[in-house]
Amino acid sequence: MKIRHVAIMSLFLGVVLSSSSVYAEQNMVMVTFDDLDEVGKKTLQLVYTEAFQRLGYKLVYREYPGKRASLLADQGAVDGELARTYEYAETHPNLIRVEESTFSPSVFVAYATDSTIRLNGWESLRNTDYKVEHKRGVQMPHTKLMEVVLAENLSAITRTEQGLKKLLAGRTDVYIDSEYTIMQLLQTKAFKGAPLHRVGVMGTITNHAYLHFTHKDLARQLSAVLRQMKAEGLIAKYIALSMQP
């Protein structure tokens, strides 16, 4: 009787452990860099929780500094990243781009306290002596600005708030970031009415999720799900929800 009891318990534990293993395999650990604005973080979590759920996976969302997030994704220590530019694939061959972008294209703009400054595209900064700053961890501005701005005039900060405050303090001449991110901050008490002027449009990007190459087939499926969610108006709804206080 005892032997039979032990056998039954062993079988039960085996089923439980097997089920737990299967459940664990359904988790998708996805990361973002930790200095994304709060609206962006909320939207990404809403969008990809739904998208992965439709494919039978559970989103596990984590935040890391930009370089750390890249390293973990490249090594396969996590399943991928949720918000990187289209060009990110060029320098991260271990990652597969989800071809459908998450949002509409992001516009990079230049802000200054001097309203007479006029810029139009990255090349318009070449041969100028402006002290230019951008947000660390965002690949396109970093790459483009290194080509056209003198090294001694170029700097990077961690958060958009820092960039705008340094402009107001006269420590930099031009700050470049996502228009959406800057506009959100300009509506807050800290910056409302501040003498900050949009002095140029520098370029546009699309944001994409990236999966480790071991999830190549899933990347195609995820792209199709995102297209469907856009057609349903669901992503626009999630953006609106994320913007509510």
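With the condition kept exactly as written, say whether any residue in the stretch 75-85 is over 17 Å from Leu211 (Cβ atoms) and not hydrophobic (A, V, I, L, M, F, W, C).
Taking the stretch 75-85 as the starting set, the residues that turn out to be over 17 Å from Leu211 (Cβ atoms) are none.
No, the conditions are met nowhere in the stretch 75-85.
Per-residue answers, yes or no, for (1) open to solvent by 60 Å² or more (accessible area, probe 1.4 Å); (2) among the acidic types (Asp, Glu); (3) assigned to a loop (DSSP other than H, G, I, E, B):
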residue: Ala69; (1), (2), (3): no, no, no
residue: Asp74; (1), (2), (3): no, yes, no
residue: Ala77; (1), (2), (3): yes, no, yes
residue: Glu81; (1), (2), (3): no, yes, no
residue: Tyr88; (1), (2), (3): no, no, no
residue: Pro93; (1), (2), (3): yes, no, yes
residue: Tyr111; (1), (2), (3): no, no, no
residue: Ser115; (1), (2), (3): no, no, yes
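I'm trying to understand the selection: among the residues of the stretch 57-67, which are open to solvent by less than 40 Å² (accessible area, probe 1.4 Å) and either of a type in the set (Phe, Trp, Tyr) or modelled with pLDDT of 95 or more (or both)? Spell out how you get there, then give the answer.
Just the residues of the stretch 57-67 that are open to solvent by less than 40 Å² (accessible area, probe 1.4 Å), to begin with: 59-60, 66.
Listed by number, the residues that qualify are Leu59, Val60.
Hey, does the stretch 141-150 have a residue that's open to solvent by 60 Å² or more (accessible area, probe 1.4 Å) and either in contact with a Leu (Cβ under 8 Å, 6 or more places away or on another chain) or within 21 Å of Met30 (Cβ to Cβ) (or both)?
Within the stretch 141-150, one or more residues are open to solvent by 60 Å² or more (accessible area, probe 1.4 Å) and either in contact with a Leu (Cβ under 8 Å, 6 or more places away or on another chain) or within 21 Å of Met30 (Cβ to Cβ) (or both).
Of the residues in the stretch 195-205, how many are crowded, with 19+ Cβ neighbours inside 10 Å, in contact with a helix residue (DSSP H, G or I) (Cβ under 8 Å, 6 or more places away or on another chain) and more than 28 Å from Lys67 (Cα to Cα)?
Pass one, the stretch 195-205, residues crowded, with 19+ Cβ neighbours inside 10 Å: 199-200, 202, 205.
Of the ones still in play, those that are also in contact with a helix residue (DSSP H, G or I) (Cβ under 8 Å, 6 or more places away or on another chain) are 200, 202, 205.
From what's left, more than 28 Å from Lys67 (Cα to Cα): 200.
The total comes to 1.
Could you please find all residues in the stretch 151-160 being out of contact with any Asp or Glu (no Cβ under 6 Å at 6 or more places or on another chain) and either surrounded by fewer than 15 Cβ atoms within 10 Å (Cβ to Cβ) or of a type in the set (Gly, Ala, Ser) (or both)?
The answer is Ala151, Glu152, Ala156.
Give me a count of the residues in the stretch 164-194 that are assigned to a helix (DSSP H, G or I), at pLDDT below 95 and either surrounded by fewer than 22 Cβ atoms within 10 Å (Cβ to Cβ) or of a type outside the set (A, V, I, L, M) (or both).
Kept after step one, since they are assigned to a helix (DSSP H, G or I), are these residues of the stretch 164-194: 164-168, 179-186.
Keeping just the survivors that are at pLDDT below 95 gives 179-186.
Still in the running and either surrounded by fewer than 22 Cβ atoms within 10 Å (Cβ to Cβ) or of a type outside the set (A, V, I, L, M) (or both): 179-181, 183-186.
Adding up the residues that qualify gives 7.
How many residues are surrounded by fewer than 17 Cβ atoms within 10 Å (Cβ to Cβ) and either in contact with a helix residue (DSSP H, G or I) (Cβ under 8 Å, 6 or more places away or on another chain) or part of a helix (DSSP H, G or I) (or both) when one looks only at the stretch 222-234? Write out each step before concluding.
Restricting attention to the stretch 222-234, the residues satisfying the condition of being surrounded by fewer than 17 Cβ atoms within 10 Å (Cβ to Cβ) are 224, 227-228, 231-234.
Checking the rest, the ones that are also either in contact with a helix residue (DSSP H, G or I) (Cβ under 8 Å, 6 or more places away or on another chain) or part of a helix (DSSP H, G or I) (or both) come to 224, 227-228, 231, 234.
Result for the stretch 222-234: 5.
May I ask you to list the residues in the stretch 163-185 that are closer than 28 Å to Ala240 by Cα and free of Cβ contacts under 8 Å to residues at least 12 places away in the same chain? So that I can check it myself, show each step before the final result.
Initially, the stretch 163-185 is screened for residues closer than 28 Å to Ala240 by Cα, giving 163-165, 175-185.
Residues satisfying the conditions are Lys165, Met183.
Of the residues that make up the stretch 47-54, is at least one free of Cβ contacts under 8 Å to residues at least 60 places away in the same chain, open to solvent by 20 Å² or more (accessible area, probe 1.4 Å), out of contact with any Gly (no Cβ under 6 Å at 6 or more places or on another chain) and under 25 Å from Leu185 (Cβ atoms)? Show your work before the answer.
Filtering the stretch 47-54 down to residues free of Cβ contacts under 8 Å to residues at least 60 places away in the same chain leaves 49, 53.
This time we only want the ones that are open to solvent by 20 Å² or more (accessible area, probe 1.4 Å), so: 49, 53.
Of the ones still in play, those that are also out of contact with any Gly (no Cβ under 6 Å at 6 or more places or on another chain) are 49, 53.
Still in the running and under 25 Å from Leu185 (Cβ atoms): none.
For the stretch 47-54, residues free of Cβ contacts under 8 Å to residues at least 60 places away in the same chain, open to solvent by 20 Å² or more (accessible area, probe 1.4 Å), out of contact with any Gly (no Cβ under 6 Å at 6 or more places or on another chain) and under 25 Å from Leu185 (Cβ atoms): absent.
Residues Leu95, Leu36: which one is aliphatic (A, V, I, L, M), modelled with pLDDT under 95 and closer than 27 Å to Lys144 by Cα? Give the steps one after another, and end with the answer.
Working: Leu95 fails: modelled with pLDDT under 95.
So the residue among Leu95, Leu36 that is aliphatic (A, V, I, L, M), modelled with pLDDT under 95 and closer than 27 Å to Lys144 by Cα is Leu36.
Name every residue in the stretch 163-202 that is in contact with a Ser or Thr (Cβ under 7 Å, 6 or more places away or on another chain) and of a type in the set (Asp, Glu), in order of residue number.
If the condition is that a residue be in contact with a Ser or Thr (Cβ under 7 Å, 6 or more places away or on another chain) and of a type in the set (Asp, Glu), then Asp177 is the only one that fits.
Collect the residues in the stretch 206-217 that are touching a residue at least 12 places away in the same chain (Cβ under 8 Å) and open to solvent by 10 Å² or more (accessible area, probe 1.4 Å), keeping them in residue-number order.
Residues of the stretch 206-217 that are touching a residue at least 12 places away in the same chain (Cβ under 8 Å), as a first pass: 206-216.
Once the filter is applied, which keeps residues that are touching a residue at least 12 places away in the same chain (Cβ under 8 Å) and open to solvent by 10 Å² or more (accessible area, probe 1.4 Å), the stretch 206-217 yields Thr206, Asn207, His212, Phe213, Thr214, His215, Lys216.
The values are calculated or read from the model by the stated rules, or taken from the named source; none is laboratory data. Note that the coordinates shown come from a computational prediction; the quantities given were computed from them, not determined experimentally. Glycine gets a Cβ as well: all are built from the backbone with ideal geometry, and neighbour counts include every protein chain shown. Note: areas computed on protein heavy atoms with side chains; ligands, DNA, RNA excluded. Shrake-Rupley method; radii C 1.70, N 1.55, O 1.52, S 1.80 Å.
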